[in-house]
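What follows is one structure encoded as structure tokens, with my remarks underneath.
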Amino acid sequence: MSVYLRDIPLVEAQNCLENALLEAGLSGYLGSEVISLDEKALNRVLAAPIWAKLSSPHYHASAMDGFAIRSIDSTDATDTNPINLIVSKKTVYVDTGDPLPDWADAVIPIEHTEPLDEDGQLSIHHRHPHAVRVRASYPPWRHVRPMGEDIVATQLVLAAGHTLRPYDLGAIAACGHSQVTVARRPIVGILPTGTELKPVGTPVKPGEIIEYNSMVLAAQINSWGGVAIRFPITDDVFENISERAILAAKECDLILINAGSSAGSEDFTAQVVESLGDLLVHGVAVRPGHPVIIGMIHQPGCVGGNVPVFGVPGYPVSAAMTAEIFIKPLIFKWLGKRKEKQQTLNATLTRKVTSPAGDDDFMRVVIGKVDEKVLAAPLSRGAGVITSLVQADGIVVLPRGVQGLPAGSPVDVRLLRSIHDLETTIFAIGSHDIILDVMAQYLAKSDRRLVSANVGSLAGLLALQRGESHLAGSHLLDPVTGLYNLKYIDQYLPQIPVQVITLVGRQQGLLVNAGNPQQIQGLADITRQNISFVNRQRGAGTRVLLDYHLKQLGIAPEDVRGYEHEEYTHLAVAAAVSSGRASCGLGIAAAATALGLDFIPLFSERYDLVIPTQHYQSDLLVPLIELLNNIEFRQLVSEMPGYDVSEMGRMVDKVT
């Protein structure tokens, strides 16, 4: 059996799914059920409207502790001409919530009365005096909750399709209901497949992968109102996957088979779907998420006779985005749930991006607001980079036919975070350092979010030049003077007043595998034929430092095997060495320690924060500036390998 991957446009795939659901009778409610009204009803979707059976309140109720009266009896009362009301059948004490006597139409709060005894003297019996003195008149219905003030019997309280919130439960109870009719929650079976997959918590060897896609998919489905069932991992065996799919079809309304769909020879998911029913779509022109499968299983014992099935790509970002694009709308449809209004924001793209012309491209971005400019910085776009979804503030969709956008282009961002989060975001673009991650952790306690884009020191200064960040981390060495950053600031930010503040002194050196098996001692060794090097990108301070010292040693770049192999962070360099892709790389001690590498110290340098004066003086950055003098923070950094905090927070220079 051979099934070939053939991408079709997203809209065509969605229409194909809709037609198949309509034909199978699955294009609306799956059904409803009646449940008790209690806290378990939270987040369920109403399948029928709630009409009030009872008014709330269902009687005229006192809104205060005090005395129920006829308002007409207080007409002449003033501060200088008080009146006394005898406590009797026409003036009685009531507590808050008590029903009002039939003859009463107002309540005088107890604190606005003076209790009197039979002789007209002040009494100590506040609730049961002989009479009360009143110094103001009370109009009808003052301090009274009239019947139906909140809800009137027969009125519509909540419409069908509404998702129940905590206070909705109270309103339903108040209007006389003890049960609610809700949409039946669709049951979604998730079948992770792959011989290389291992459960969470299992030690893994090279070639083995921790299976967490099913956990992410299940969490998404449950949050949207479905009920997810995670099946055990199934090996890449056609018969085993078929058997598991048939089993799932007997209890599930929808099946997601995760991984196993591609243009390769072992395209088991497509083969299984075709063997059990109809293969409707095999490949959608959308990124991330190309090898999406859509089908319908027809097997004896299936729920309703037909069960939709999706082949969800194995890459984690593709899997999550496929669920967002296809599964979420389907669950909403089955629940009769109102479509969520997507909050969007207009932003400016910070760098050039490319996109395949034939695909709808869902690009993850982080958002920063610098002055009045809202900026969108693209994140890593690899389908396997799950952190791009963790870090993302929003999604920018580049529609098919658009091959990319230049820096500065306006884009519409579908927000994944609140506006408040964006308003409290400090946008840092520049050199990478692990300390920035530590700072982000501390700043979160001060209602600030530090977002870092690791593009290198020089690119960070250029971002400041364009007004695209609040600050830049920089450690650019001037080979002539031996000073850091100031020459470059003069060159690239001549018209922008900035503050240059030292964050840390740090050591740069060679990162090598534990035990230094190749006995690398210094830069001279990286020219050896058996040594492969991993470099930082052009414009990075570490790259500038390397080039300076190579020149001092008379070493040409072409003499270094791997000089063109570039990474954007110290941790990425460490990962390249740890994984065997390179013998060594120039980086910081903390990155070596993080991945269990050895560190050969070579140079000491200063890492500064370059902050435009207008941002330095803003309220947004106050917590960051204060953090540099935080004893706990300084102590933590000082205990990390390769850092010197003796000059942390020192103003290096003011460039005007």
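Here are some notes:
- Region 556-579: number of residues that are of a type outside the set (Lys, Arg) and free of Cβ contacts under 8 Å to residues at least 40 places away in the same chain: 14
- Matching residues, region 573-615, being under 20 Å from LEU471 (Cα atoms) and crowded, with 19+ Cβ neighbours inside 10 Å: ARG606, TYR607, ASP608, LEU609, VAL610, ILE611, PRO612, HIS615
- Just one residue in the set THR154, THR234, THR193 is polar (S, T, N, Q), buried (at least 19 other Cβ atoms within 10 Å of the Cβ) and touching a Phe, Trp or Tyr at 6+ places or on another chain (Cβ under 8 Å); that residue is THR193.
- In region 374-392, residue modelled with the highest pLDDT [restricted to those that are of a type outside the set (Val, Ile, Thr) and farther than 15 Å from ARG351 by Cα]: ALA392
- Among the residues listed as ILE526, ILE501, ILE489, ILE496, the single one being closer than 27 Å to ALA592 by Cα, β-branched (Val, Ile, Thr), more than 32 Å from the chain's Cα centre (by Cα) and buried (at least 17 other Cβ atoms within 10 Å of the Cβ): ILE526
- When HIS570 is tested against (1) in contact with a Leu (Cβ under 7 Å, 6 or more places away or on another chain); (2) under 20 Å from GLY505 (Cα atoms); (3) surrounded by 18 or more Cβ atoms within 10 Å (Cβ to Cβ); (4) not aromatic (Phe, Trp, Tyr), just one condition goes unmet, and that condition is (1).
- Scanning region 89-142 for residues that are touching a strand residue (DSSP E or B) at 6+ places or on another chain (Cβ under 6 Å), over 16 Å from ALA77 (Cβ atoms) and among the charged types (D, E, K, R), we see that the one that is surrounded by the most Cβ atoms within 10 Å (Cβ to Cβ) is ASP98.
- Of all residues in region 587-609, those that are within 30 Å of ASP371 (Cα to Cα) and in contact with a Phe, Trp or Tyr (Cβ under 9 Å, 6 or more places away or on another chain) total 3.
- Test: residue in region 104-111 that is over 30 Å from LYS53 (Cα atoms) and outside any strand (DSSP E or B): yes
- Of the strands (runs of 3 or more DSSP E) entirely within region 125-199, those holding at least 1 residues that are under 30 Å from ILE108 (Cα atoms) occupy 131-134.
- The criterion of at least 1 residues that are of a type in the set (S, T, N, Q) and within 25 Å of the chain's Cα centre (by Cα) is met, among strands (runs of 3 or more DSSP E) falling completely within region 384-481, by 425-430, 449-454.
- All of SER223, SER275 fail the test of being surrounded by fewer than 23 Cβ atoms within 10 Å (Cβ to Cβ) and without any contact (Cβ under 8 Å) to a residue 24 or more places away in the chain, apart from SER223.
- When region 13-67 is filtered for residues that are without any contact (Cβ under 8 Å) to a residue 40 or more places away in the chain and of a type outside the set (Lys, Arg), the ones remaining, listed by number, are ASN15, GLU18, ASN19, LEU22, GLU23.
- With respect to (1) surrounded by 19 or more Cβ atoms within 10 Å (Cβ to Cβ); (2) without any contact (Cβ under 8 Å) to a residue 12 or more places away in the chain, the lone exception for ARG145 is condition (2).
The values are calculated or read from the model by the stated rules, or taken from the named source; none is laboratory data. Treat the numbers as computed from the prediction; the structure is a model and nothing was measured. Cβ coordinates were reconstructed from backbone atoms using ideal geometry, including for glycine residues, and neighbour counts include every protein chain displayed.
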